[in-house]
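Participant: One structure is given below, represented as structure tokens, and several questions about it will come after.
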Amino acid sequence: MLASSKTIGEKSTTLLVWTAATFIAIPFCWLVGDLLWHGWHHLSLNFVLAVPQNAGREGGIGPILVSTGLIVGVCMAVALPIGVGAALFLSEYTPHDQVSGRLVRGSLDVLAGVPSIIFGLFGNAFFCQTLELGFSILSGGLTLACMVLPILIRTVEESFRAIARDQRLSAAALGLSKKCSIQYILLPAAIPGILVGSILGLGRAMAETAALIFTSGYVDRMPTSLLDSGRALSIHIYDLAMNVAGGNPNAYATALVLVGLLMMINLIASRIAEQWTTKNQLPT
Amino acid sequence: MTLSSNNISSHSKTDLYFSWSLRGCSILAGSLLLLVISFILHEAWPALTQIGLTRFFTDNGWFPTEASYELTPIFWGTILSAGGSIILATPLGMLSAIFCHFYAPPLLARWYRRMIELLAGIPSVVYGFWGLVVLVPLISSWHPPGPSLLAGVLTLTLMITPTIMLITHSSISQVPTTYIHSAVALGLNRWAVIWRIVLPASRIGILTGIFLGLARALGETLAILMVSGNVVQYPSHVFDPIRTLTANIALEMAFALDHHRAALFMSGLFLMSLVLCFVIVAEALRRKTTYAGVK
Amino acid sequence: MPTPKNYRINFTPSLLMSLVFIITIFFSLSLAQAQEGKLVITGSSTMAPLLLEIGKRFEAVHPDTRIDVQTGGSSRGIVDTVKGLADIGMASRALKTQEDHLFGSMVARDGIGIILHTANPIPELSNSQIQAIYTGKITNWQQVGGPDASITVVNKAQGRSTLDIFLEYFQLTNRDIRAHVVIGDNEQGIKTVAGNPYAIGYVSIGTAQYNVSHGLPIRLLPLQQIPASIDTVRTGLFPLSRPLTLVTNSQPTGLTKTFIEFAQSPQVHDLILQQYFVPLQN
């Protein structure tokens with residue numbers, strides 16, 4: 001999109017940018033290559049659907065996939081509406097320097113820095129014991145929602161703030177109510193940002209281990225309700241890699257499934273984002 | 001400066017309900033922290049009252065089973081590993097965001113971004129696992145023992161660069177194209193446009209990205225536990241093993257009883273106060289950039 | 001210019017979704033109350049995979065029962081049992097004297113062996129040599145007849161039962177130990193030693209034996225001339241081992257009793273061996 005001139009300075013910065021990009025790509029290829037190399041031949045449809053056996057060394061990950069889906073589903077169903085609502089409030093109703101906004105923002109930032117294991121212990125005490133949900137998919141999902149909220153709210157808020165002032169002013173000039181201007185102008189314009197926030201949040205939720213060991217638990221049975229304890233994919237990987245002798249091959253295969261799932265979610269999300277932005281383009 | 005938009009729209013009844021439901025959301029989100037803090041304080045209370053705050057700095061070493069609770073070396077371990085990784089990851093993340101938006105051919109840019117999104121979602125366990133079986137032996141053959149501050153910093157860098165990159169990228173792409181067009185029309189070259197126009201215009205977003213990356217680096221538990229050696233000491237160089245506050249909790253919580261357990265919650269409390277300090281600094285920085293910035 | 005319809009985000013679906021969500025919660029609440037014959041077992045991460053498998057077999061033999069196994073560590077097993085959060089706690093050690101108000105039932109044994117990298121030619125270390133290595137008095141393999149390379153000492157994190165048993169056997173305290181790497185679970189120790197030719201560590205013998213037989217470059221050292229293997233642990237010859245214990249608040253009764261007896265019976269010996277532990281001899 002920008003013309004590149006042929007000065008030495010321009011050339012060296014181009015080199016710098018390409019080098020940095022390669023530096024990130026190398027470990028990525030190494031990591032994914034390693035996963036593929038060790039996990040690929042253990043992967044089959046049967047592995048994805050079957051029940052784990054012999055502490056996960058044999059069999060598949062069917063019930064674990066279902067539990068993970070439910071946990072992440074609960075997490076996003078709770079975090080997304082609250083997150084977008086709070087982000088809207090922070091960006092549209094509180095100016096940057098107002099005390100209440102700064103308090104909420106500051107507390108969210110601190111919350112983002114709370115280590116996941118603390119969330120796990122908190123979730124265990126609050127959701128499992130105080131609210132008497134026990135070791136369950138519900139407790140796990142709610143704990144993850146607490147964890148994901150800060151990252152979700154901050155990214156969504158940034159994308160609301162980035163919307164040009166003109167759009168708000170024109171909406172106001174047309175006499176749209178606040179709700180309407182949010183519903184028709186701001187929300188659609190912020191969809192890419194909301195998606196980035198959701199992807200980051202979803203990624204963090206699906207990757208989480210420490211917070212789930214104490215809340216959603218270790219049981220690798222097929223869950224029959226949200227109050228059943230269910231093992232998440234990342235816990236399965238951790239247990240196989242660190243706790244079960246001979247769990248490595250299945251740990252690799254499970255990690256591969258997890259990475260593949262994330263890739264699918266990303267693809268779908270970016271497809272939606274593209275559709276939104278093309279629909280959203282103002283005529284020039 | 002951001003718009004204080006309270007008074008530009010009508011105040012109908014729907015708006016009132018709507019604004020209150022949004023307010024409710026943010027109050028809920030904000031009060032979460034109070035809930036978490038009160039829980040940690042409750043658990044750490046025995047340590048605060050019966051051991052006392054000063055002993056966490058003055059005791060001779062971390063031997064909780066022998067009633068000696070010095071946390072300072074662990075504190076420094078956390079700061080060094082998170083600091084090191086943020087120093088490496090910030091330029092890498094920003095440059096790769098710039099790469100993706102301005103330098104890469106469109107097809108490559110799309111796949112590059114997809115790759116980074118994927119990298120953001122790979123579980124920390126997988127990073128830790130990879131660090132343990134690939135990175136640590138590599139460092140060990142270079143300079144034993146292998147599990148070290150360096151391994152921790154590198155693993156963390158790999159984990160937080162995607163966060164910084166993605167957020168930087170989304171705020172770069174929201175810089176109004178008119179800015180860029182006018183700059184190009186004025187005859188600025190590509191790098192000058194990026195350096196003088198795009199980065200300043202998106203600095204709040206970049207700061208948010210760095211901040212979230214730092215928060216993740218400080219809070220990361222399992223990956224750092226697997227690669228950094230976990231010895232409680234002041235490292236004298238990057239090949240020395242270190243222990244972080246989070247690893248301290250994860251390693252010992254499962255087996256800790258009574259005061260040992262309370263002392264581990266103190267580790268959590270220390271970590272949160274560390275994050276609080278960063279929040280205050282970041283907020284000050286943000287205010288400065290907001291008012292002095294281009295907007 | 002697209003029509004406003006395209007921009008429309010409807011709030012109704014999200015509202016409906018949350019309604020459905022709430023209904024699901026209530027449904028699952030009522031479902032959970034209908035269940036009976038459920039045992040919750042929490043504790044030691046070492047024992048959790050074993051108990052998970054025993055639980056599955058128990059459920060097959062006794063339909064209408066549910067065994068939920070949670071992991072988290074020995075002390076958590078004990079705390080949860082005392083608090084009444086769990087019916088049975090798992091502890092990968094014997095009960096301490098201050099815990100004698102609890103009731104422990106042993107289900108299996110686990111030996112602890114010293115491991116080295118296969119590239120390290122040292123055939124054997126005496127107890128005093130191991131002591132000297134772990135206290136930092138010997139820092140180079142040359143001092144015990146090995147190659148000229150500094151020793152990487154791998155130790156377990158404080159509070160872990162393996163560490164306590166190791167310290168007790170070698171008459172050491174936490175303060176004496178000069179470690180280079182501190183680890184959590186067994187597999188982490190094995191991967192650390194397998195990645196460093198001059199490291200020394202100690203792990204569960206069963207886990208080590210499995211990894212040796214699957215080609216990982218580690219090897220178990222004999223202790224006081226007794227080879228470290230599942231067999232010597234079973235016969236009681238090997239000096240360094242720990243009991244895997246199920247903990248209850250009182251003498252077990254009812255379903256708890258049935259389950260513990262099942263876990264101690266020969267019906268599960270194959271499962272115990274499959275998880276590389278040592279079954280009790282009857």
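Since every read-out is calculated from the coordinates, none of them should be taken as a lab result. It should be emphasised that the depicted structure is a prediction, and the values quoted were computed from it without experimental measurement. Note that we place each Cβ from the backbone using ideal geometry, even for glycine, and neighbour counts take in every protein chain shown.
Participant: When DSSP beta bridges are limited to those with both residues in the protein assembly as shown, what percentage is antiparallel, rounded to the nearest 5?
Facilitator: 65 percent
Participant: Moving on. If you average the C-alpha positions of the range C:191-217 and of the range B:15-34 separately, how far apart do those two centres end up, in angstrom?
Facilitator: The distance from the Cα centre of the range C:191-217 to that of the range B:15-34 comes to 54 Å.
Participant: Angle check, please: helix A:137-161 long axis (alpha carbons) against the longest principal axis of chain A (alpha carbons), in degrees 0 to 90, nearest 10.
Facilitator: 20 degrees
Participant: Using θ = phi - 60° and the Karplus form 6.51 cos²θ - 1.76 cosθ + 1.60, what ³J(HN,Hα) does each residue of the range A:66-80 get, whole Hz, x for Gly and Pro?
Facilitator: Working through the residues one at a time gives 4, 4, 4, x, 5, 4, 5, x, 4, 4, 6, 4, 8, 6, 5 Hz.
Participant: For C:M90, list long-range residues whose amide hydrogen, built 1.01 Å from N in the peptide plane, is under 5 Å from its own amide hydrogen.
Facilitator: C:T42, C:G43, C:S44, C:G77, C:V247
Participant: Would you mind checking the radius of gyration and Dmax of the range B:58-294 based on alpha-carbon positions, in Å?
Facilitator: Over the range B:58-294's Cα set, Rg and Dmax evaluate to 20.5, 71 Å.
Participant: Treating the range A:2-42 as a set of equal point scatterers at the Cα positions, no solvent, please give the Debye-formula log₁₀ I(q)/I(0) at q = 0.32 Å⁻¹.
Facilitator: The Cα Debye sum returns log10 ratios of -0.97.
Participant: In addition: How far apart, in nm, are the 7 Å Cα→Cβ label points at B:H181 and C:T235?
Facilitator: 8.8 nm
Participant: Mind scanning C:K38/C:K156; C:K56/C:K257; A:K178/B:K288; C:K38/C:K96 and naming the pairs with a C-alpha gap bigger than 26 Å? Show your work: numbers first, answer last.
Facilitator: Working: C:K38/C:K156 35 Å; C:K56/C:K257 17 Å; A:K178/B:K288 30 Å; C:K38/C:K96 28 Å.
Where the Cα-Cα span goes over 26 Å, the pairs concerned are C:K38/C:K156; A:K178/B:K288; C:K38/C:K96.
Participant: Let me ask another. Grab the eigenvalues of the alpha-carbon gyration tensor for the range B:192-271, scale each by 5, take roots, and send me the semi-axes largest first in whole angstrom.
Facilitator: 36, 16, 9
Participant: Tell me, what ³J(HN,Hα) does each residue in the range B:165-176 have, in order and in whole Hz, if you take phi through Karplus 6.51 cos²θ - 1.76 cosθ + 1.60 with θ = phi - 60° and put x for Gly and Pro?
Facilitator: Calculated HN-Hα couplings, in order: 4, 5, 6, 4, 4, 5, 7, 5, 6, 9, 5, x Hz.
Participant: Separate question: Can you list residues from other chains, or at least 5 along the same chain, whose modelled amide H is less than 5 Å from the amide H of C:L39?
Facilitator: Close amide H contacts, sequence-distant or interchain: C:R66, C:I67, C:D68.
Participant: Here's another thing I want to ask about it. Angle check, please: helix B:72-98 long axis (alpha carbons) against the longest principal axis of chain B (alpha carbons), in degrees 0 to 90, nearest 10.
Facilitator: With rounding to tens, the tilt is 20 degrees.
Participant: Let me ask something else. Against the longest principal axis of chain A, how steep is helix A:187-207, in degrees 0 to 90 to the nearest 10, with axes from Cα atoms?
Facilitator: Relative to chain A, helix A:187-207 is tipped by roughly 20 degrees.
Participant: Another question, then. Under the rule of at least 5 residues apart or a separate chain, name every residue whose amide H is placed under 5 Å from the amide H of A:E58.
Facilitator: Residues meeting the criterion, in which the H sits 1.01 Å from N, are A:Q53.
Participant: Ordered by residue, what ³J(HN,Hα) values in Hz, to whole numbers, does the range A:56-65 give under the Karplus form 6.51 cos²θ - 1.76 cosθ + 1.60, where θ = phi - 60° and Gly and Pro are x?
Facilitator: x, 5, 10, x, x, 9, x, x, 5, 4
Participant: How would chain A be classified by its alpha-carbon gyration tensor: rounded, prolate or oblate, with rounded meaning a/c under 1.5 and the a/b versus b/c comparison settling the rest?
Facilitator: Details: a/c = 2.15, a/b = 1.35, b/c = 1.60.
Oblate, because a/c is 1.5 or more while a/b does not exceed b/c.
Participant: Compute the orientation-averaged projected area for chain C from the convex hull of its Cα atoms and round it to one decimal in nm².
Facilitator: The Cα convex hull of chain C, projected and averaged over all directions, gives 23.4 nm².
Participant: Which residue fluctuates the most in chain B, going by a Gaussian network model with Cα springs under 10 Å, if the choices are B:L154, B:L119, B:L107?
Facilitator: Sorting by GNM fluctuation, first place goes to B:L107.
Participant: Mean projection of the alpha-carbon convex hull of the protein assembly as shown over all orientations, in nm²?
Facilitator: Across all orientations, the protein assembly as shown yields a mean hull projection of 36.7 nm².
Participant: Still on this structure, I have one more. Among all helices in chain C defined by DSSP H, which have a length of 18 Å or more along the axis from Cα atoms plus a Kyte-Doolittle mean of at least 1.0?
Facilitator: The qualifying helices are C:12-33.
Participant: Counting every Cα pair in the range A:1-108, what percent are over 17 Å apart?
Facilitator: 77 percent
Participant: Can you tell me the mean projection area, over all orientations, of the convex hull of the range C:111-234's alpha carbons? Units nm², please.
Facilitator: Result: 6.8 nm².
Participant: Quick check: pseudo-label points 7 Å beyond the Cα along Cα→Cβ at C:A94 and B:S21, how many nm apart are they?
Facilitator: For C:A94 paired with B:S21, the spin-label model returns 6.4 nm.
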